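Notes to accompany the following structure.
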Amino acid sequence: MKTALHWFCAFVLWLGALSLVGCGHTDEEMAAKQREIDKLQADLKAAKAQIADDQSKFSDAQSSLSSLKEQLKAAGLGLEKSREDTARLRQALSEYKMRADQLAAIDQRFHELRAKLDKLTRFGVRVVPRNNRLVIQLPGDVLFDSGRDELKMQGKDVLGEIADVIRSDRDLMNRFFLVAGHTDNVKYPPGGPFKDNWGLSLARARQVLLFLIGDAKSADPKKAGGGLSPARWAAAGYGDTDPVAGTVAKQSDDDRKKNRRVELVVQPNVEEMLNLSNIH
């Protein structure tokens with residue numbers, strides 16, 4: 001572009017000089033001057049064409065630059081979204097790992113508790129996950145005679161060993177427990193002291209609770225208990241409404257035997273509000 005402007009200025013100066021020289025030139029000189037004028041005119045035309053081409057290229061470059069800016073802007077937004085998605089994925093993976101670690105810890109505690117109580121399996125004691133809770137199940141027939149709520153000596157021995165396991169475990173000692181009484185679906189006899197299966201199941205749960213929170217160091221064997229904190233224990237009666245075998249309406253003799261039970265339900269802490277269905 002600068003070359004074209006240079007030639008254009010030279011042509012203007014030449015014309016000025018020509019006008020100052022005036023007449024007196026030979027035909028040969030005039031022909032030479034005409035050839036020089038023609039050349040300058042051709043150069044001027046080429047310069048104008050070059051200027052037009054440069055302007056067109058400059059305009060195209062500006063358009064390309066604008067388009068590139070838009071593309072970079074869009075790419076920047078896309079990159080930002082990709083970073084946000086990556087951050088969310090990392091957060092989700094971190095939460096998943098944390099919950100997996102928590103479930104693994106719960107699973108380990110479950111198996112440790114089961115191992116500690118394994119010697120009581122001969123009495124039918126079981127440690128199972130149920131209703132998303134860890135549960136120690138005790139057969140009712142080991143604890144009580146039929147239709148009664150007074151603990152049998154064998155039942156006290158079993159409960160005493162369970163209390164020993166809980167007292168020796170810091171985690172279990174800091175847990176809350178629910179003693180849940182359950183019956184089979186046989187109707188409670190009219191006129192009985194407990195009125196119905198609800199009353200019988202609650203009375204039995206209460207007796208188990210009273211033993212577990214009783215003084216473990218009592219000199220009187222009849223008053224000795226498990227030595228557990230009463231602030232962390234509660235009792236409930238479910239009657240025949242929550243069978244582990246058969247249904248409320250239909251139960252075999254074997255089903256009824258399994259349903260006559262007392263459960264020590266370990267209440268979950270916040271980290272254990274998880275699905276324990278994968279624990280076996």
Ordering K116, K69, K45, K152 by how much accessible area each has at a 1.4 Å probe, largest first, what is the list?
-> K45, K69, K116, K152
Listed by chain and number, the lysines with an alpha carbon less than 17 angstrom from that of K45, same-chain partners under 8 positions apart left out, are K2
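Taking a 24 Å limit on the Cα-Cα distance, which of the listed pairs K116/K156; K119/K152; K156/K257; K222/K258; K187/K223; K119/K156 fall beyond it? Could the numbers behind the result be given before it?
Details: K116/K156 18 Å; K119/K152 19 Å; K156/K257 20 Å; K222/K258 28 Å; K187/K223 32 Å; K119/K156 15 Å.
The pairs that break the limit, which is 24 Å between Cα atoms, are K222/K258; K187/K223.
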What ranking do 102-115, 227-240 get when scored by the average of other Cβ atoms within 10 Å per residue, highest first?
-> 227-240, 102-115
Set of aspartates and glutamates near K39 by C-alpha distance (under 20 Å), chain-local residues within fewer than 8 positions excluded = D27, E28, E29
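The values are calculated or read from the model by the stated rules, or taken from the named source; none is laboratory data. Computed from a predicted structure; not experimentally measured. In this analysis, Cβ positions are derived from the backbone assuming ideal geometry, glycine residues included, and neighbour counts consider all displayed protein chains. Side chains are part of the model used for accessible areas, which takes the heavy atoms of the whole protein and leaves out ligands, DNA and RNA. Shrake-Rupley method; radii C 1.70, N 1.55, O 1.52, S 1.80 Å.
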